[in-house]
Amino acid sequence: METKVLVTGATSGLGLAMATALAGAGARVAVSGRSGQRAREVAAELPGAFGVELDVRDETSVARAVEETWSRLGGLDLLVNNAGLGMRTVNPRFMTEPRGFWEVPVEVFRQVVETNLTGYFLVAREVTPRMLAAGGGRIVNIAVSETTMSRAGFVPYGPSRAGSESLSRVMAADLRGTGVTVNLLLPGGATVTGMLPDAPAGHRFLEPEVMGPPIVWLASAEAAGVHDERIVAAEFEQWLSERVRRGTAPE
C-alpha cells in the first residue's frame with residue numbers, strides 16, 4: 001500500500017490506532033497533533049511516518065500542516081478527520097455523575113464544538129480543493145453512535161458529533177461524482193481512550209484497535225468509489241460480507 005495519509009489527532013486513542021494500522025499496511029502516514037514534538041515522537045515509532053503540528057481549531061495551523069504534509073508526501077490520498085475533545089474535558093465524572101447542559105461553562109462548550117465540528121470543516125476545507133485538482137481522494141470522518149448524540153449529560157460532545165456527522169453527509173452530497181469520496185467510520189460503542197474516565201464496575205469497552213481493519217480497507221483499492229457510507233468498526237466484517245454478498249458496486 002503506497003497510500004499517502006493524514007490522520008488528525010493521531011498521537012493517542014483512535015487516531016493512533018488508525019495511524020498504526022495504516023503504517024503497518026505500508027501507507028505513508030502524517031501523524032498530526034497539537035504538540036508537534038509529541039507528533040514527531042509518536043511518528044518515530046511507526047514505519048514510514050512523520051509528525052506534523054496541527055491545531056484543527058486554527059485555520060492558519062491547518063493550512064500550514066496541510067501544505068507541509070502535501071509537500072512531504074507528494075500529495076494526499078486519504079484524510080482521516082479524527083481530532084476531538086471528549087466529555088472528560090467538560091466533566092471528569094460524566095459516566096457516573098452526569099451534569100445538565102445548563103451547568104456546562106460557555107467557554108468549554110465552544111472549545112469542544114470548535115474542535116469536533118469546526119475542526120473537521122477546516123481540515124476538509126483545506127484538503128478538498130487539492131484533492132479535486134489532483135483528480136480524486138478520500139475523506140473519512142470519525143463519528144460516534146447515535147445514542148451518544150442525545151444521551152443525558154453529553155452536552156456539548158453529543159451535539160458536536162451530531163453536527164460533524166451532518167457535515168460529513170453534506171460533504172458527501174457536495175462531492176458526489178467528483179472523484180473525492182467521503183465516508184463515516186465509528187467504533188460502535190464506548191472505546192478505551194483518554195476521553196474516558198474510570199467506568200462503573202462491569203462496564204465493557206471496545207479497544208481502539210477495532211478501527212484498524214476498516215480504515216485500512218477504506219484506504220485500499222478495494223474501497224475505490226465507496227461513498228457516503230456509515231461504517232461501524234465493531235460490525236465491519238459483517239458489513240463487508242453483506243456488501244460482497246449483495247455485489248454492491250462503487251458509486
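When each of Arg93, Arg64, Arg72, Arg38 is tested for being open to solvent by 10 Å² or more (accessible area, probe 1.4 Å) and either hydrophobic (A, V, I, L, M, F, W, C) or touching a Gly at 6+ places or on another chain (Cβ under 9 Å) (or both), the lone residue that passes is Arg38.
Pairs linking a residue in segment 72-97 that is within 14 Å of Met18 (Cα to Cα) to a residue that is part of a loop (DSSP other than H, G, I, E, B), with Cβ atoms under 6 Å and 6 or more positions apart or on different chains, are Leu78/Thr3; Leu78/Ala219; Asn81/Thr8; Asn82/Thr8; Asn82/Gly9; Ala83/Thr8; Ala83/Gly9; Ala83/Val56. When you scan segment 116-137, do you find a residue that is over 22 Å from Glu229 (Cβ atoms), of a type in the set (Ser, Thr, Tyr) and touching a residue at least 12 places away in the same chain (Cβ under 8 Å), even just one? Among the residues of segment 116-137, at least one is over 22 Å from Glu229 (Cβ atoms), of a type in the set (Ser, Thr, Tyr) and touching a residue at least 12 places away in the same chain (Cβ under 8 Å), which makes the answer yes. Could you please find all residues in segment 21-56 being touching a strand residue (DSSP E or B) at 6+ places or on another chain (Cβ under 6 Å) and small (Gly, Ala, Ser)? Of everything in segment 21-56, those that are touching a strand residue (DSSP E or B) at 6+ places or on another chain (Cβ under 6 Å) and small (Gly, Ala, Ser) turn out to be Ala23, Ala27, Ala30, Ser32, Gly36, Ala39, Ala43, Gly48, Ala49, Gly51. Among the candidates Ala173, Ala201, Ala221, the residue that is modelled with pLDDT under 95, small (Gly, Ala, Ser) and either within 30 Å of Gly75 (Cβ to Cβ) or open to solvent by 30 Å² or more (accessible area, probe 1.4 Å) (or both) is uniquely Ala201. Taking (1) in contact with an Asp or Glu (Cβ under 8 Å, 6 or more places away or on another chain); (2) surrounded by 19 or more Cβ atoms within 10 Å (Cβ to Cβ) in turn, Gly119 satisfies each apart from (1).
Conditions (1) within 15 Å of the chain's Cα centre (by Cα); (2) of a type in the set (S, T, N, Q), marked per residue:
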{"site": "Ser12", "(1), (2)": "yes, yes"}
{"site": "Pro47", "(1), (2)": "no, no"}
{"site": "Glu53", "(1), (2)": "no, no"}
{"site": "Trp70", "(1), (2)": "no, no"}
{"site": "Leu79", "(1), (2)": "yes, no"}
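The values are calculated or read from the model by the stated rules, or taken from the named source; none is laboratory data. This structure is a prediction, so every number in the text was calculated from the model and none was measured. Cβ: placed from backbone, ideal geometry, glycine included. Neighbour counts: every protein chain shown. SASA here: full protein model, heavy atoms, side chains in, ligands and nucleic acids out. Shrake-Rupley method; radii C 1.70, N 1.55, O 1.52, S 1.80 Å.
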